[in-house]
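Undergrad: Here's a structure for you.
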Amino acid sequence: MIRPFTVFCKLNRISFSDRQWLEKEAGSLSHTDGVCPVCHAGASLSPFASYTRYLVEWKDSLPATHEITVQRYLCSSCGHTHALLSSALVPYSSYSLRFILMVLRDHFLGRACVQKICERAGISVSTLYRWKTLFLAHKALWLGILEDMGTPAGTFMDGMDGALLQGFYRKFLFSFLQHPRGTSADPPRGMQGRASGFT
Ligand SMILES: [Zn+2]
């Protein structure tokens, strides 16, 4: 997997949609280090194939699902292929990063009960708690135990920016909110057959 990072402002100040964010980063290696993640050869990647997957983002305060195209690249040095995955996305999840964060924000700030938040987002209660567990674990990983204890989830979320996402990925070699086993969190209702197993 290759991850471009082009958005470095605070995530809650981004004025464009997740799809626009994705289009900005799609189909180009220019925002990556251009190095194969497996063999680390430089200038060895070329477009290979593409596949479609779903993206769920917030639109006018409602979940909106789109089909998007993900470009894969082939390394001429080791033969591995890698998907170029925009930083707007969470690997192995149909939901955009900001979609998940906004659900969790409502929960952390107590804006509504869990049932109501899940109903509005079209997700199951277990999905919300799975996201919450991942968020808190990755927050602790990033901050370290002592700082994590003194930093409320809402405060941490308000401070999240693209630099954190990039730093987290470089340090731990997986993405913020990425499920550790690389398996999909709950796919959107009605898409269970299509949404599993993608990057
Ligand atoms: Zn390679």
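Undergrad: Taking the Cα centre of the chain as the origin, how large is its charge dipole in debye, to the nearest 20, when only Lys and Arg (+1) and Asp and Glu (-1) carry charge on their Cβ atoms?
TA: 240
Undergrad: Starting from the 7 Å offset along Cα-to-Cβ, what nm value, one decimal, do you get for the label separation of Leu143 and Asp60?
TA: Between Leu143 and Asp60, the label points sit 3.7 nm apart.
Undergrad: Oh, and also: Want the number for Ala112 to Glu67: 0.36 nm per residue separation, take away the alpha-carbon distance, what's left?
TA: Details: separation 45, 0.36 × 45 = 16.20 nm, distance 2.97 nm.
Here the segment from Ala112 to Glu67 would lengthen by 13.2 nm.
Undergrad: Using Cα-only point scatterers and the Debye equation, what is log10 of I(q)/I(0) for the chain at each q in 0.11, 0.15, 0.17 Å⁻¹, rounded to two decimals?
TA: For the requested q values the scattering log ratios are -0.50, -0.95, -1.21.
Undergrad: Follow-up question, since we're still on this one. Restricting the count to DSSP beta bridges whose residues both fall in segment 11-192, what percent are antiparallel, rounded to a multiple of 5? Let's see the in-between values first.
TA: Working: 19 of 20 bridges.
Of those bridges, close to 95 percent are antiparallel.
Undergrad: Once every DSSP H run of n ≥ 4 in the chain is given -39500 (n - 2.57) and the sum is divided by its residues, what mean residue ellipticity at 222 nm do you get, rounded to the nearest 500 deg cm²/dmol?
TA: Mean residue ellipticity, 222 nm, calculated: -10500 deg cm²/dmol.
Undergrad: Moving to a separate point now. Using a 10 Å cut-off around each Cβ, can you sort Arg170, Arg19 from fewest to most neighbouring Cβ atoms?
TA: By the 10 Å Cβ count, ascending, the order reads Arg170, Arg19.
Undergrad: For the chain, modelled as a Gaussian network with Cα springs under 10 Å, which listed residue fluctuates most, Thr32, Thr69, Thr155?
TA: Thr155
Undergrad: Could I ask something else about it? By counting other Cβ atoms within 10 Å of each Cβ, how are Phe108, Phe99 ranked from fewest to most?
TA: Sorted ascending by nearby Cβ count, the order is Phe108, Phe99.
Every number in this text was worked out from the coordinates using simple rules, so none of it is lab data. As the structure is a prediction and not an experimental result, all values here were calculated from the model. A quick note on method: Cβ atoms are made from the backbone with ideal geometry, for glycine too, and the neighbour counts reach across all protein chains shown.
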